[in-house]
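Please find one structure pasted underneath; my questions will follow.
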Amino acid sequence: MDKKHRLTRSADFQRVYRQGKSVAGRHMVLYYFERPTESPADPRLGLTVSKKIGVAVVRNRVKRVLKEAFHQFQEDVAPGYDYVIIARSGLAEYVEKSQFEAIVTAMADLFRRADLIQEAE
């Protein structure tokens, strides 16, 4: 994932949390905030995986899987938004036991519920 497609600064995360909206699922929570720009920019993704999820190896694996899942449907996501996905407890076990397609489907469902996916016709 390119640096221009990532949220890196703490201030960006805080803006999404405070001014954005959220949609919750069983294994993850999606926060989203529309950036005020003149032209639609590429979406940016930030991930939050706390130490409650597991040790560093487990957290990094969860982050890798979530980044790849987002990459699967990134072209269909509404441009000009900042997204933050928070991993809930139990996501590490879900990643380990489930197929990758199930992770993609769960994440895409959050985006659909927030009405942020532009369906291809």
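Going through Ala87, Ala106, Ala69 one at a time, which residue ends up being under 13 Å from the mean Cα position of the chain (by Cα) and more than 25 Å from Lys4 (Cβ to Cβ)?
Working: Ala87 fails: more than 25 Å from Lys4 (Cβ to Cβ); Ala69 fails: more than 25 Å from Lys4 (Cβ to Cβ).
Step by step, each of Ala87, Ala106, Ala69 is checked, and only Ala106 is under 13 Å from the mean Cα position of the chain (by Cα) and more than 25 Å from Lys4 (Cβ to Cβ).
Using the structure shown, decide if Val65 is touching a Leu at 6+ places or on another chain (Cβ under 7 Å) and either closer than 16 Å to Val16 by Cβ or modelled with pLDDT of 90 or more (or both). Give the steps one after another, and end with the answer.
Details: touching a Leu at 6+ places or on another chain (Cβ under 7 Å): no; either closer than 16 Å to Val16 by Cβ or modelled with pLDDT of 90 or more (or both): yes.
Answer is no for this residue.
Let me ask something else. Go through the stretch 71-121 and count every residue that is part of a helix (DSSP H, G or I) and within 20 Å of Lys21 (Cβ to Cβ).
The number of residues fulfilling the criteria is 10.
I'd like to verify a number: residues in the stretch 67-80 that are surrounded by 21 or more Cβ atoms within 10 Å (Cβ to Cβ) and either in contact with a strand residue (DSSP E or B) (Cβ under 7 Å, 6 or more places away or on another chain) or over 23 Å from Pro40 (Cβ atoms) (or both), how many?
Narrowing the stretch 67-80 to residues surrounded by 21 or more Cβ atoms within 10 Å (Cβ to Cβ): 69-70.
Still in the list and also either in contact with a strand residue (DSSP E or B) (Cβ under 7 Å, 6 or more places away or on another chain) or over 23 Å from Pro40 (Cβ atoms) (or both): 70.
The total comes to 1.
Find the residue count for the stretch 1-35, including only residues that are of a type in the set (Val, Ile, Thr), surrounded by fewer than 12 Cβ atoms within 10 Å (Cβ to Cβ) and touching a strand residue (DSSP E or B) at 6+ places or on another chain (Cβ under 7 Å).
Narrowing the stretch 1-35 to residues of a type in the set (Val, Ile, Thr): 8, 16, 23, 29.
With surrounded by fewer than 12 Cβ atoms within 10 Å (Cβ to Cβ) added as a condition, the list becomes 8.
If we keep only those that are touching a strand residue (DSSP E or B) at 6+ places or on another chain (Cβ under 7 Å) as well, we get none.
Matching residues across the stretch 1-35 total 0.
The values are calculated or read from the model by the stated rules, or taken from the named source; none is laboratory data. Just so it is clear, the model here is predicted, and its values are computed rather than measured. All Cβ positions, even for glycine, are placed from backbone atoms using ideal geometry, and neighbour counts span all protein chains on display.
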